[in-house]
Structures are given as C-alpha cells and as structure tokens.
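To keep things clear, I will list the structure first and then write my remarks on it.
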Amino acid sequence: MPVCKEQAIVALKPVLGPVQLAFYGVGVVVGAGVYSVIGSAAGTAGQNLWLSFIVGAVVAVLTGFSYAELATSFPSSGAEYKFIKAALPRFDLISFVIGLIILIGGAAAAATVAVAFGGYLRTFIDIPDWLSASALLAGCTAFNIWGLRESSWANIAFTSAEVAGLVLVIAAGSTTGRLLEPLSVTIGAGVLPAASTVFFVYLGFEKIANMTEEVRNPERNVPLSIFVSLGVTAVLYVLVSLAVVVLVAPAELARSDAPLALAMESVWRGSGPTLSAIAILSTANTVLISLIAGSRLVYSMGSDAEIPAMFATIMPGRDTPWIAAIFMFALSALLVPLGSIQVLAELSSLTALLAFLAVNLALIVLRYRLPDQNRPFRIPFSVGRMPIVPVVAVASICVLMANFDWEIYVLGCGIVVASCLIYVAQRMSRRG
C-alpha cells in the first residue's frame with residue numbers, strides 16, 4: 001500500500017505524571033514476570049532460582065542506563081526505533097527491522113501473559129486458554145483505545161493488587177523459617193539458561209521510553225521511573241524466588257499452570273484462589289501496558305512513513321492511535337496459538353535482547369556522532385567519549401543470548417528475515 005505522506009500527523013498529549021509513570025513501569029514488569037514464567041524457570045534453575053533473577057536484574061539495569069540517556073536525549077513514542085534511526089540515519093533497514101522485532105517481541109510478551117492469565121482463570125472457570133487469552137487481548141485493546149489517562153488509573157489499581165500478592169507469597173515463605181536457605185545451595189549449571197528465560201520478567205522498563213511524548217517533565221520523570229521500576233521489582237523477584245522454592249519443590253512448580261497459587265496453598269489452605277484472583281489482575285495489567293506501548297511504536301513508525309501513515313491516525317475526542325491499537329491486538333492474537341508459556345517468553349526475551357543490544361550500540365555510536373547533543377541524563381563513567389556501562393551491557397546481553405534452545409533461534413531468524421522482506425516490499429510499493 002502506498003504511504004500517504006500528506007496525511008497530517010496529530011501529536012500525542014503529555015498526560016502522565018511521575019506517580020502514574022512509576023506505577024506504569026512497576027505494573028508491567030511485575031505482571032509480566034513472576035506470575036507467568038517463575039514455574040518453568042524454577043524447573044531449570046532449581047534452588048538457584050534467586051541467582052537467575054539477580055543476573056537478569058543486572059543486565060536490565062545496565063541497559064536501563066542507556067534507555068534513560070537516550071529517552072531524554074531523543075524523546076519520542078518510538079523509543080528504540082528512533083534511537084537507532086538517530087544513530088544510523090543512512091541505514092533505514094536497520095531501524096525498520098529493529099522496530100518490527102520490538103513489535104513482534106511486544107506482541108509475544110502480551111500473548112505470553114494472556115496465556116498465563118488463562119491458567120489462573122481456570123481456578124474459577126474451566127475455559128480454553130486460547131479463548132480467555134483472546135478475550136483479554138480484546139478487552140485491553142478497548143482500554144487502549146479509550147484513553148491513556150483512564151488506562152493509567154486502572155494500571156495503578158492493578159499494580160497495587162499484584163504487589164500485594166507478591167508480598168503475601170514472601171510472607172508465606174517467611175513462615176517456614178527457611179527463606180534464606182537457598183542462598184547456601186551450590187550454584188548449578190541451570191543458572192544462566194534460567195536467567196535467559198527470567199530476563200523476560202524485567203521487560204517493561206523499556207516501555208517507559210515509549211511513553212516519553214505523553215509524560216510531563218520527561219527529562220526528570222523518565223529516568224526516575226526506569227530505575228524505580230527496576231529497583232522495586234528486582235527486590236520483589238529475588239524475595240519471591242527464595243520463597244517459592246522453599247514452599248514447593250522446583251519440579252512441581254514447573255508442572256503447575258498457577259505456580260504462585262500452588263506455593264501459597266502449601267502453607268495457607270484455601271488461599272490459592274485469592275492469589276489466583278490477584279494474578280488475574282496482574283496478568284491483565286501487563287497485557288494492557290504491553291499493548292499500549294506497542295501501539296505507540298506502531299504510531300511512531302506510521303508518523304515517519306516507515307509503514308502506511310494510516311497507523312498514525314488519532315481517534316478524534318480520545319487522542320489515541322486506534323488503528324495502531326487494533327494492529328497490536330491482531331499481532332498478539334496470532335501468537336496465542338503457540339500456547340507454551342516458555343516458548344512465548346523465550347521468544348519475547350530473545351527479541352528484547354536483540355533490541356537492547358541495538359540500543360546500547362546506538363548510544364555508543366551517538367556519543368561519537370553527536371557529541372554536543374543535549375543529554376539531560378548522562379550515563380556516568382566514560383573513557384574519552386566511550387561510555388563504559390553500555391559496553392558492559394553489550395557483553396552481558398551476548399552471554400544471555402547464547403543460552404536459548406535452538407527452536408528460539410530459528411524463530412528469531414525467521415522474524416529478522418520476515419522484517420527484511422517487509423522492508424523491501426514497502427520500498428517497492430513506494431516506487432510503484
């Protein structure tokens with residue numbers, strides 16, 4: 001379809017304050033993680049699960065510095081796509097491919113958590129996962145279209161409930177008197193493979209960068225929200241990972257569709273449904289935020305005419321990119337039939353790691369290419385113009401990327417090839 005460059009692009013409005021943005025970050029990270037993949041990760045890492053969460057947190061924090069600098073230097077709803085475009089303006093293919101990889105990764109994250117939502121929902125209603133996942137995606141898309149301000153207040157309510165649920169799990173583990181016991185277990189070979197999987201649990205902080213255009217005082221609030229969300233969730237995750245493996249055997253957690261509810265039930269009989277209800281809110285919240293962030297990236301690419309400009313259409317009266325929102329719903333729904341939470345989570349982790357690799361490299365390039373660029377937040381520790389933190393981040397990302405199953409690499413290569421083909425088709429349609 002030819003791109004209509006003449007179409008007027010309506011700007012998004014800044015409506016989010018620091019509290020809303022911090023809850024946004026904590027909400028998407030918490031919901032995407034513990035309630036979805038902790039069971040499969042426990043089966044891989046065993047009693048060393050806590051260490052896998054720490055490894056994932058370190059990689060996330062290192063990349064969080066790059067996002068904080070770039071999001072305040074190049075504020076845009078396109079985030080990673082815009083950063084790479086600024087670093088490599090003559091290589092549109094790279095920014096386009098990374099943009100599509102992030103879109104597919106975001107859709108995979110939404111699909112992962114939507115399937116996990118079905119597992120917890122079956123505590124109350126026995127319906128197929130695909131049906132509950134599709135219904136959740138549709139409902140969250142309606143919220144997305146309705147408006148970001150309304151969605152953010154729903155997010156604050158959901159986030160408060162999901163954090164309370166994790167605190168209950170930690171409290172349950174504390175009643176055993178053995179909460180710190182896993183710290184003394186010999187480190188095993190499953191730590192890094194599990195870290196590659198649980199890295200998925202920290203995905204969400206980068207979505208804060210996608211909201212920059214809709215944030216008041218982004219120079220201060222975006223970096224603050226990134227580090228608050230990572231700090232709060234890392235502490236919660238490590239404590240929860242210690243609690244669950246002293247409450248239930250890791251192999252049993254791996255077999256459960258609702259691992260946290262199982263852990264709670266082992267100590268407080270009858271409490272499983274309560275945590276399942278909280279998990280339902282938590283997973284719904286993550287799907288909502290994933291779809292919001294993804295639709296803003298679609299909007300940004302449409303604004304730049306990288307994809308048809310209709311995707312940058314704003315709904316009158318609601319000020320939301322409604323066509324982009326519907327596109328993200330369709331893309332996420334197409335991934336639901338993959339079914340396996342572990343496969344979807346690892347696919348989401350791989351695409352995120354690829355994007356994070358590109359973001360860290362983009363920051364290094366921009367330090368040399370645009371040394372005088374205004375940087376309201378600047379990463380500390382440099383040797384000349386070379387920033388040290390992104391270099392360490394690149395190395396740590398490469399380590400995690402070497403620990404997936406071969407099927408995930410095949411899916412990743414397929415995504416890259418498909419993105420290149422779409423780019424070529426898009427350029428050919430312009431010439432036509």
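The values are calculated or read from the model by the stated rules, or taken from the named source; none is laboratory data. These numbers come from a predicted model, not from an experiment. Heads up, the Cβs are rebuilt from the backbone with ideal geometry, glycines too, and the neighbour counts pull from every protein chain shown. For accessibility, only protein heavy atoms count, side chains too; no ligands or nucleic acids. Shrake-Rupley method; radii C 1.70, N 1.55, O 1.52, S 1.80 Å.
Observations on the structure shown:
- Listed by first and then second residue, the pairs with beta-carbon distance under 8 Å, at least 6 apart or on different chains, first residue in region 319-340 and farther than 13 Å from residue 287 by Cβ, second in a helix (DSSP H, G or I) and of a type in the set (Lys, Arg), are 321/296; 324/296.
- Of the residues making up region 282-289, one or more are touching a residue at least 24 places away in the same chain (Cβ under 8 Å) and within 16 Å of residue 169 (Cβ to Cβ).
- When region 316-356 is filtered for residues that are outside any helix (DSSP H, G or I) and open to solvent by 40 Å² or more (accessible area, probe 1.4 Å), the ones remaining, listed by number, are 316, 317, 318, 319, 340.
- From 94, 98, 104, residue being open to solvent by 10 Å² or more (accessible area, probe 1.4 Å), touching a Phe, Trp or Tyr at 6+ places or on another chain (Cβ under 8 Å) and farther than 27 Å from residue 275 by Cβ: 98
- Residue 297 modelled with pLDDT under 85, in a helix (DSSP H, G or I) and touching a Leu at 6+ places or on another chain (Cβ under 7 Å): yes
- Yes/no for residue 52 being at pLDDT below 75, open to solvent by less than 60 Å² (accessible area, probe 1.4 Å) and either under 16 Å from residue 260 (Cα atoms) or assigned to a helix (DSSP H, G or I) (or both): no
- Looking at 364, 341, 397, just one residue is hydrophobic (A, V, I, L, M, F, W, C) and under 30 Å from residue 217 (Cβ atoms), and that residue is 364.
- Flag if residue 359 is open to solvent by 20 Å² or more (accessible area, probe 1.4 Å) and either touching a residue at least 12 places away in the same chain (Cβ under 8 Å) or farther than 30 Å from residue 220 by Cα (or both): no
- If the condition is being among the aromatic types (Phe, Trp, Tyr) and part of a loop (DSSP other than H, G, I, E, B), then region 392-432 contributes only 404.
- Which numbered condition residue 284 misses (of (1) in contact with a Gly (Cβ under 6 Å, 6 or more places away or on another chain); (2) over 24 Å from residue 176 (Cα atoms); (3) open to solvent by 10 Å² or more (accessible area, probe 1.4 Å)): (1)
- Residue in region 155-168 that is polar (S, T, N, Q) and open to solvent by 20 Å² or more (accessible area, probe 1.4 Å) present: yes
- Scope region 365-391; condition among the hydrophobic types (A, V, I, L, M, F, W, C), surrounded by fewer than 19 Cβ atoms within 10 Å (Cβ to Cβ) and in a helix (DSSP H, G or I); matching residues: 365, 388, 391
- One residue stands out among those in region 169-216 that are surrounded by fewer than 18 Cβ atoms within 10 Å (Cβ to Cβ) and basic (Lys, Arg): the one that is modelled with the highest pLDDT, which is 178.
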